[in-house]
Structure formats: structure tokens, C-alpha cells
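Student: This is the structure, below, for whatever I ask next.
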Amino acid sequence: MSIQHLLSLLFENEIQKLNTDFSEVNSSTASAPLDGYVHLLDQGNAIFITDDRKSYLITIEFTAFFHLKTGDRLQARISFNPATANYVVCEIINVQHVNYDEAPVIKNNQSLDLCGNTINLGTSIMIPATDNTDIATKTAQIIAALPDHIIPILLSLDSRPTNFDIPNAYFTKPNYSSREKLMTCLLAFFQAKQQADIGKDVVLFIDSLDKMFFAFNNCMQSAGTFNPNLFSSAAVMDYENILCCSGNLKAGGSLTLLGFHQNGTCPQMLQITDRLHQIMDRIIEIK
């Protein structure tokens with residue numbers, strides 16, 4: 001039997017399996033349609049993060065059939081899968097693709113005066129801060145100085161600034177699980193990324209880079225093997241990919257990341273600081 005014939009049989013078997021899966025899915029009892037975003041996982045599965053910040057598994061079959069990528073917008077139905085004893089995506093009604101990986105790298109030539117510092121739109125900037133009050137003060141100062149055409153989006157973990165108002169904001173609370181914090185981070189990034197991909201100029205404030213990293217790390221650690229002195233390699237990779245996404249846009253907009261960072265002296269914080277210095281385009285001091 002030739003290799004071509006074997007490959008043909010393999011392909012036909014996969015197509016038949018996909019058709020069987022979709023036939024079973026369409027005949028199952030499912031929820032009302034939900035809207036949300038896709039976050040692709042390394043092993044081929046994906047997570048469907050709904051607009052109300054709940055998350056469900058998307059199987060490899062759906063990911064491959066619809067060519068899903070991180071940031072794609074979905075309308076889908078959810079049903080209970082007895083095989084996995086979990087709720088999963090059982091039907092995808094509509095997909096709005098945002099193909100970040102295939103998009104050209106665009107660095108916006110516009111510059112912005114940020115509290116006496118000239119920065120290029122579309123860059124990632126680390127701003128040292130002393131505490132939550134300092135972060136809130138600097139955030140309010142920067143937002144007040146932004147031109148009208150720039151859209152500010154805030155991602156705040158465990159601390160809600162009170163001295164300014166911003167319509168596009170994502171907050172977590174101390175009682176949130178690591179998974180809930182991670183979902184909130186991804187929602188904020190997807191929202192900022194989509195606005196930039198349709199030509200808008202967006203500034204995403206991250207309060208703070210340290211808390212965001214620990215949300216990724218704690219969620220990625222395997223149950224029962226958590227070691228506070230070690231970082232999950234999967235968490236580091238996912239975290240850095242998110243922070244480096246600002247220059248990879250589909251259209252002519254810009255995504256500028258302003259991440260606040262509180263220096264620490266413990267070994268974990270020193271490791272984070274070293275990696276942030278390598279990832280971020282620039283570090284600026286705002287008095």
C-alpha cells in the first residue's frame with residue numbers, strides 16, 4: 001500500500017470522525033448562544049471565555065475544523081459532556097477571525113507625550129510604582145493627559161483605583177480564584193487587541209505586571225505540585241506572549257501597554273523584574 005493511499009485513508013478517517021462529532025453535538029441539548037473569545041492552548045485545545053467571564057473547553061476537533069486562534073470572537077453553545085464530566089463548547093454558530101499570527105508587525109509612527117516623556121504608540125512601557133495609591137495617582141495623571149482619540153482600557157488586579165473614572169475597565173477581587181483572575185486578564189487583552197485591530201489607538205493600563213504574572217503562574221501550576229519558589233514554564237511563555245503582542249496588529253491601529261511594577265526583594269520578584277526589563281520596550285519614571 002502506497003504512502004499516498006495511507007494518507008488518503010487517514011484523512012478520510014479524520015473527516016468521518018469530525019462529521020460524527022458534529023452530528024452528536026447538533027443532536028445534544030445545549031444552552032442558549034453565548035458570546036466570547038478564544039484562547040488557544042499549547043496542546044491544541046482552546047478555552048472559550050464568555051463575556052460574563054466564564055470559561056469552557058473547546059475540543060481539538062472544533063479548534064482544527066474552524067481554524068481557531070487566540071483572540072477570535074465566537075458565538076457558541078455549551079452542553080454537558082458525560083465523557084469529561086464537564087461543560088464544553090458543543091456548537092459554534094459564528095466565528096470572527098482575528099489572525100494575529102499572520103498579521104504584519106506594525107509599529108505606529110505616532111508619538112505621545114507622557115508626563116514629560118515622549119513615547120511611540122504601539123510600544124510596551126514599564127512604570128515603577130511604590131504602592132497601590134501611587135499606581136492610582138499615576139494612572140489618573142496619564143489618563144487626563146491622553147488625547148481624545150486614544151482609548152484607555154484598565155486591567156486592575158485586587159485593587160480598584162478610586163480617584164478617576166474609566167468606562168473600559170476589568171477588575172478582579174482578592175477572593176477571585178487564580179482561574180478567574182486569568183480569565184479577566186485575557187478578556188482585557190482581547191478587548192484591547194480587537195479595538196487596535198480595527199484601527200483604533202488603545203492604551204492598556206496593567207495594575208500591576210506582578211499581580212498579572214502571579215495570576216498566570218498560580219493558574220498554570222499543577223494541582224498538588226505548587227512550589228512558591230518555582231515558576232511554571234507554561235505560565236512564563238503565555239505571559240510573555242501576551243506582553244509582546246502589542247506590535248502584531250491586523251490593521252493600522254496601535255496597542256500601547258503601560259504596565260506598573262512594584263519592585264520586591266524576594267527571589268521570585270527579582271526574577272520577574274529581570275524578565276520585565278527584557279520584555280518591555282522602555283522603562284520610565286513618572287513623578
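The values are calculated or read from the model by the stated rules, or taken from the named source; none is laboratory data. Since we're looking at a predicted model, the values are computed, not measured. Neighbour counts are summed over all protein chains in view; Cβ atoms, including those assigned to glycine, are modelled from backbone coordinates with ideal geometry.
Student: So, in the stretch 170-210, how many residues would count as being under 23 Å from residue 128 (Cβ atoms) and surrounded by fewer than 17 Cβ atoms within 10 Å (Cβ to Cβ)? Spell out the reasoning first.
Tutor: From the stretch 170-210, those under 23 Å from residue 128 (Cβ atoms) are 170-172, 181, 185, 188-189, 192, 202-210; that's our starting set.
The next check asks that each one be surrounded by fewer than 17 Cβ atoms within 10 Å (Cβ to Cβ); those that pass are 171.
Total satisfying the criteria: 1.
Student: Another question, if that's okay. Does residue 159 fit the bill of being modelled with pLDDT under 85, out of contact with any Gly (no Cβ under 7 Å at 6 or more places or on another chain) and buried (at least 17 other Cβ atoms within 10 Å of the Cβ)?
Tutor: yes
Each row is one residue, and each column tells you yes or no for (1) touching a Cys at 6+ places or on another chain (Cβ under 7 Å); (2) modelled with pLDDT of 85 or more.
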{"position": "37", "(1), (2)": "no, yes"}
{"position": "45", "(1), (2)": "no, no"}
{"position": "55", "(1), (2)": "no, no"}
{"position": "58", "(1), (2)": "no, yes"}
{"position": "63", "(1), (2)": "no, yes"}
{"position": "78", "(1), (2)": "yes, yes"}
{"position": "85", "(1), (2)": "no, no"}
{"position": "95", "(1), (2)": "no, yes"}
{"position": "132", "(1), (2)": "no, no"}
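Student: Go through the stretch 112-147 residue by residue and tally those that are closer than 22 Å to residue 273 by Cα and of a type in the set (A, V, I, L, M, F, W, C).
Tutor: 7
Student: Also: Taking only the stretch 258-272 into account, find how many residues are touching a Ser or Thr at 6+ places or on another chain (Cβ under 8 Å) and either surrounded by fewer than 17 Cβ atoms within 10 Å (Cβ to Cβ) or more than 29 Å from residue 202 (Cβ to Cβ) (or both).
Tutor: 2
Student: Being at pLDDT below 85 and not charged (D, E, K, R) is the filter here; which residues of the stretch 242-261 pass it?
Tutor: 242, 243, 244, 245, 246, 247, 248, 249, 251, 252, 253, 254
Student: Moving to a separate point now. Being assigned to a loop (DSSP other than H, G, I, E, B), surrounded by fewer than 17 Cβ atoms within 10 Å (Cβ to Cβ), out of contact with any Cys (no Cβ under 7 Å at 6 or more places or on another chain) and at pLDDT below 80 is the requirement here; does residue 29 meet it?
Tutor: yes
Student: Go through the stretch 58-86 and report how many residues are among the acidic types (Asp, Glu) and under 22 Å from residue 190 (Cα atoms).
Tutor: 1
Student: Given (1) more than 15 Å from the chain's Cα centre (by Cα); (2) at pLDDT 80 or above; (3) not hydroxyl-bearing (Ser, Thr, Tyr), identify the lone condition not met by residue 204.
Tutor: (1)
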